[in-house]
């Protein structure tokens, strides 16, 4: 009885990935790529956790603006504009962090029904075909618009203009606000590279490259989905 059972045990019984490697069998090249993915991922992780506090700051500043205006009859253009700046930073720089946490809206019909390997292929191809090209398009199409907020060039050369608020007493940082249009796709590109590395390594047989989380733990579609 014991001899009959032993051949069915071990890695060869895993039909989904018969040649997969655990974390202790990662080669030097794969290990280096995985470390690169961790480093790149930490950029958006730390940035996202930091700017999350801007949500609270927006609420407090908005409350202060209302109190000063209606209780003390005092208004501040710069304070009002600061809410717009914080809102822009929160959403533009937080987009990559939200993508990292799989928090964007997903219209999901088949994805959660796939196996982990199937979802890895979808994420890999989606990153290559959709995510990266769209980010590159945003960078290319927005470059001149953002540059015009920094410098003005003519036949005689270029001069710094550093576009500011059109309102008297406003924040002189519109050029920084517009720069977020370029920073956002750069951060999303970084997260896209992370997805390429992690999903590519997972498909190649490195299970440790794609940690199993709640969204990936149930290939039968029982995991929670985004509305």
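Please treat every number below as a calculation from the coordinates, not as lab data. Remember, predicted model here, so these are calculated numbers, not experimental data. A quick note on method: Cβ atoms are made from the backbone with ideal geometry, for glycine too, and the neighbour counts reach across all protein chains shown.
Run the numbers for residue 28 and residue 84: contour at 0.36 nm per residue of separation, minus the present Cα-Cα distance, in nm.
Between residue 28 and residue 84, full extension yields an extra 15.5 nm.
What whole number of Å gives the distance from the Cα centroid of the range 29-45 to the Cα centroid of the range 54-120?
Centre-to-centre (Cα) distance: 26 Å.
Restricting things to alpha carbons, find the Rg to Rh ratio for the range 39-153 using the Kirkwood radius for Rh.
Answer for the range 39-153: 1.12.
Restricting to Cα pairs below 8 Å that are 6+ residues apart, what does the relative contact order work out to for the range 47-189? Please round to a whole percent.
Taking the mean separation of contacting Cα pairs over the length of the range 47-189, I get 28 percent.
At a Förster radius of 35 Å, what calculated FRET efficiency corresponds to the Cβ-Cβ distance of residue 113 and residue 145, to the nearest 0.05?
Once the sixth-power term is evaluated, E becomes 0.25.
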